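Chemist: This is the structure I want to talk about, given as structure tokens.
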């Protein structure tokens, strides 16, 4: 870049730039004047909405189940379904998604079954993760959805690396990584964006700016105008979008994907939304934010907006809505009952997958443990269960993970 | 056979791996056209192109985060951290991500293709931040493999094995020996086993255990002891995670005495792990306490480096004390 000299000192703060928010639908589900409807087919639009609805219902039921003591922990996507599902709907289903932890909507959109969700939540023998991670740490190889990891922002530079591999493979795929505005404070965020820009990687950085990192409001997370302006520092394409508007999120992500895949350039998307629920089942927002604030955002419910738009198109009806809700609730309850009853993963799963092959040292440790459990089976009911050879371990079978 | 120093042997191994498999990708700070600050990646960019051998921005956590993602995608990254002293910004990516990738996903995903190369160790007037031996931080992390070669022949065979291993490997290179260690290295492709120690000298009186650059020091101490009529058995662990307990225990059954030596500080060092395991295995065979000869529990010094290091004289003294216990 050519250096341009001036002869009076001039400081800048970034206020010189203003980043607007791309929005297509108003809260009544009507297209804003000047906005263009994305080319979504009826089936695609319904698939998008149905994943949003299924996520909302799964979240409601599972949080209730956690409150009943049936589940150890839960996290809701509530309020952010448009951002998460809208983004997933704009990708090719074989693009990689590397999420943070509140993006079950994207997995729902890809076709993860309620049964599959439930098996992970209860950490039973059919959980792909073999009961090793807390609830909501889903993953699916067949659906190109990287297994969730609790440490924040670690997935962001990994997405850059994954997408670099996709670029070399030359099959026209990209990676989209989700993270919150809080996680964007981590060093990994900076590392990821800078490397992606330098190495021209087809990755989409999708920030869900939902206003809070547990209790810390975004005003205490950064001094600048959100996350979007950071893209300038990396010379990266960026767009800010109304995160409660599924159509706008879809269109922004669709165009971002085009840039990523066709130009091998990373894109940053900042979706403005609100975490309507608590951070997790262990959190109580009444201690740090006003009910009135929540109510104001509840009025902007992304599901209602999308539902109204669909209804106006004649692609969805109140009857369908009622029937779908009813059938989803029933499915969640039935699958939950099944998942709860399935046995835990076998004791051997304690030592498998640490390495590709079990090492002799680990086998020795497991053998010692087994001898101990046989002496005190009552103290270790789960481990003892899988030691009992009369119990069958596989009661159900599940397809490819 | 060719005569190579350790850097040439490492470069040769990378060359072979990249020629054989186009999924092998080398990157790190200054790794591209410059060939790395030690020249371990010399000419690889010329040969295999910028897409497969390149400079990264100066961000270790990014290098390993990127490498984790690339490995998960199915590529075979060989990431360089310029000095082991600078690996700590990547600690979270290595300990929480690399090491747990397979386990936490129930084997849906893994980063087994990943190899992290990094020069470690003192003796080069590098002071606090160009001398450390951080192996014990990583041996405490299930899911990683930790490998350390002692000479050019070992470096080539172990690095090729590390790159092709189905698990992620931290490959610690003794930088003091990069140019100082010269030896015969086969031109062809070969691998040495990860997880197997090598008895490099047999003896009946005492077992001396170490790895990497320390093997040269231990061997020198063994020669001094031989002059006093003490027959030392010298074992190079080669791999610290997993480590070859059987070979060390077999030796101690025979000798009844053991010294472990490393440059890293005493407290929490890997010698403690070896000592604890061997006393469990060989308790009734021990003739004297297992001794550790290590660096001091201080940051790595500069001017007094020689005083800090566990040199051949300190090891020789420990041998005499153990034998005369």
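Chemist: So how many residues does the range B:312-321 have that are more than 20 Å from residue B:267 (Cα to Cα) and surrounded by 18 or more Cβ atoms within 10 Å (Cβ to Cβ)?
Modeler: 3
Chemist: Let me spell it out: the conditions are (1) more than 14 Å from every other protein chain (Cβ to nearest Cβ); (2) part of a helix (DSSP H, G or I), and residue A:72 meets all of them except one. Which number is the exception?
Modeler: Of everything listed in (1) more than 14 Å from every other protein chain (Cβ to nearest Cβ); (2) part of a helix (DSSP H, G or I), residue A:72 misses just condition (2).
Chemist: Specify the residue that is farthest from the other protein chains (Cβ to nearest Cβ); the eligible residues are those in the range B:166-177 that are surrounded by 22 or more Cβ atoms within 10 Å (Cβ to Cβ) and not in a helix (DSSP H, G or I).
Modeler: Per the stated criteria, the residue is B:174.
Chemist: Now a separate question. Quick one: which of A:311, A:296, A:260, A:278 is within 18 Å of the chain's Cα centre (by Cα) and either surrounded by 17 or more Cβ atoms within 10 Å (Cβ to Cβ) or part of a helix (DSSP H, G or I) (or both)?
Modeler: Working: A:311 fails: within 18 Å of the chain's Cα centre (by Cα); A:296 fails: within 18 Å of the chain's Cα centre (by Cα); A:260 fails: within 18 Å of the chain's Cα centre (by Cα).
Result: A:278 is the single residue among A:311, A:296, A:260, A:278 that is within 18 Å of the chain's Cα centre (by Cα) and either surrounded by 17 or more Cβ atoms within 10 Å (Cβ to Cβ) or part of a helix (DSSP H, G or I) (or both).
Chemist: I would also like to ask the following. Give the residues of the range A:186-208 that are surrounded by 22 or more Cβ atoms within 10 Å (Cβ to Cβ) and over 17 Å from residue A:155 (Cα atoms), sorted by residue number.
Modeler: Of everything in the range A:186-208, just one residue is surrounded by 22 or more Cβ atoms within 10 Å (Cβ to Cβ) and over 17 Å from residue A:155 (Cα atoms), namely A:199.
Chemist: So residue B:38 clears everything in (1) surrounded by fewer than 24 Cβ atoms within 10 Å (Cβ to Cβ); (2) in contact with a strand residue (DSSP E or B) (Cβ under 6 Å, 6 or more places away or on another chain); (3) under 13 Å from residue B:117 (Cβ atoms) except one condition, right? Which one?
Modeler: It is condition (2) that residue B:38 fails.
Chemist: Here are some residues: B:120, B:137, B:103. Which one is away from chain A (no Cβ under 14 Å) and surrounded by fewer than 24 Cβ atoms within 10 Å (Cβ to Cβ)?
Modeler: Numbers: B:120 fails: surrounded by fewer than 24 Cβ atoms within 10 Å (Cβ to Cβ); B:103 fails: away from chain A (no Cβ under 14 Å).
The conditions single out B:137.
Chemist: Would you check if residue B:322 is in a loop (DSSP other than H, G, I, E, B) and more than 23 Å from the chain's Cα centre (by Cα)?
Modeler: On the way: in a loop (DSSP other than H, G, I, E, B): no; more than 23 Å from the chain's Cα centre (by Cα): yes.
No, not satisfied.
Chemist: Moving to a separate point now. Just the residues that are within 14 Å of another protein chain (Cβ to nearest Cβ), in contact (Cβ under 8 Å) with a residue 24 or more places away in the chain, under 22 Å from residue A:255 (Cβ atoms) and in a loop (DSSP other than H, G, I, E, B), please, taken from the range A:170-228.
Modeler: Once the filter is applied, which keeps residues that are within 14 Å of another protein chain (Cβ to nearest Cβ), in contact (Cβ under 8 Å) with a residue 24 or more places away in the chain, under 22 Å from residue A:255 (Cβ atoms) and in a loop (DSSP other than H, G, I, E, B), the range A:170-228 yields A:173, A:174, A:200, A:201, A:202.
Chemist: Within the range B:8-29, which residues are within 14 Å of another protein chain (Cβ to nearest Cβ) and touching a strand residue (DSSP E or B) at 6+ places or on another chain (Cβ under 8 Å)? Don't jump to the end; show me each part of the working.
Modeler: Restricting attention to the range B:8-29, the residues satisfying the condition of being within 14 Å of another protein chain (Cβ to nearest Cβ) are B:18, B:21-29.
Within the range B:8-29, B:18, B:21, B:23, B:24, B:25, B:26, B:27, B:28, B:29 qualify.
Chemist: Checking the condition on the phi > 0 side of the Ramachandran plot and not assigned by TED's automatic domain parsing to the domain that holds residue B:134, which residue from B:269, B:256, B:210 passes? First the steps, then the outcome.
Modeler: Working: B:269 fails: on the phi > 0 side of the Ramachandran plot; B:210 fails: on the phi > 0 side of the Ramachandran plot.
Only one candidate passes the filter, namely B:256.
Chemist: If residue B:93 passes every condition in (1) surrounded by fewer than 18 Cβ atoms within 10 Å (Cβ to Cβ); (2) within 7 Å of chain A (Cβ to nearest Cβ); (3) not in a loop (DSSP other than H, G, I, E, B) but one, which one does it miss?
Modeler: It is condition (1) that residue B:93 fails.
Chemist: Another one. Looking at (1) surrounded by 24 or more Cβ atoms within 10 Å (Cβ to Cβ); (2) within 13 Å of chain B (Cβ to nearest Cβ), find the lone condition where residue A:88 falls short.
Modeler: Every listed condition holds for residue A:88 apart from (2).
Chemist: Sticking with this one: Select, from A:136, A:97, the only residue that is closer than 28 Å to residue B:69 by Cβ and in contact with a strand residue (DSSP E or B) (Cβ under 9 Å, 6 or more places away or on another chain). Break it down into steps so the answer makes sense when it comes.
Modeler: Values: A:136 fails: in contact with a strand residue (DSSP E or B) (Cβ under 9 Å, 6 or more places away or on another chain).
Checking each option against the conditions leaves just A:97.
Chemist: Which one is nearest to the chain's Cα centre (by Cα) among residues in the range A:94-129 that are assigned to a helix (DSSP H, G or I) and free of Cβ contacts under 8 Å to residues at least 40 places away in the same chain? If you could, list the steps in order and put the result at the bottom.
Modeler: In the first step, residues of the range A:94-129 are kept if they are assigned to a helix (DSSP H, G or I); the result is A:104-110, A:114-122.
Filter once more, keeping what is free of Cβ contacts under 8 Å to residues at least 40 places away in the same chain: A:107, A:110, A:120.
Details: A:107: 7, A:110: 12, A:120: 15 Å.
This residue is A:107.
Chemist: What is the one condition in (1) farther than 29 Å from residue B:86 by Cβ; (2) more than 14 Å from every other protein chain (Cβ to nearest Cβ); (3) in contact with a strand residue (DSSP E or B) (Cβ under 9 Å, 6 or more places away or on another chain) that residue B:193 does not satisfy?
Modeler: Every listed condition holds for residue B:193 apart from (2).
Chemist: Those residues that are touching a helix residue (DSSP H, G or I) at 6+ places or on another chain (Cβ under 7 Å), on the phi < 0 side of the Ramachandran plot, touching a residue at least 40 places away in the same chain (Cβ under 8 Å) and in a loop (DSSP other than H, G, I, E, B), I need them from the range A:130-145; list them, please.
Modeler: A:132, A:135, A:143, listed by residue number.
Chemist: Against the condition in the same structural domain as residue A:183 (by TED's automatic domain parsing), on the phi < 0 side of the Ramachandran plot and not in a strand (DSSP E or B), how does residue A:270 come out, does it pass? So that I can check it myself, show each step before the final result.
Modeler: Details: in the same structural domain as residue A:183 (by TED's automatic domain parsing): yes; on the phi < 0 side of the Ramachandran plot: yes; not in a strand (DSSP E or B): no.
Answer is no for this residue.
Chemist: Cβ-Cβ distance below 6 Å, separation of 6 or more or different chains: which pairs start in the range A:28-43 with a residue that is assigned to a helix (DSSP H, G or I) and end on one that is surrounded by 13 or more Cβ atoms within 10 Å (Cβ to Cβ) and at pLDDT 95 or above?
Modeler: Pairs found: A:42/A:315.
Chemist: To continue, here is another question. Just need a number here: residues in the range B:285-311 that are surrounded by 15 or more Cβ atoms within 10 Å (Cβ to Cβ) and under 13 Å from residue B:263 (Cβ atoms).
Modeler: Number of matching residues: 12.
The values are calculated or read from the model by the stated rules, or taken from the named source; none is laboratory data. Everything numeric here is computed off the predicted structure, so don't read it as measured data. Every residue, glycine among them, receives a Cβ derived from its backbone with ideal geometry; neighbour counts consider all protein chains shown.
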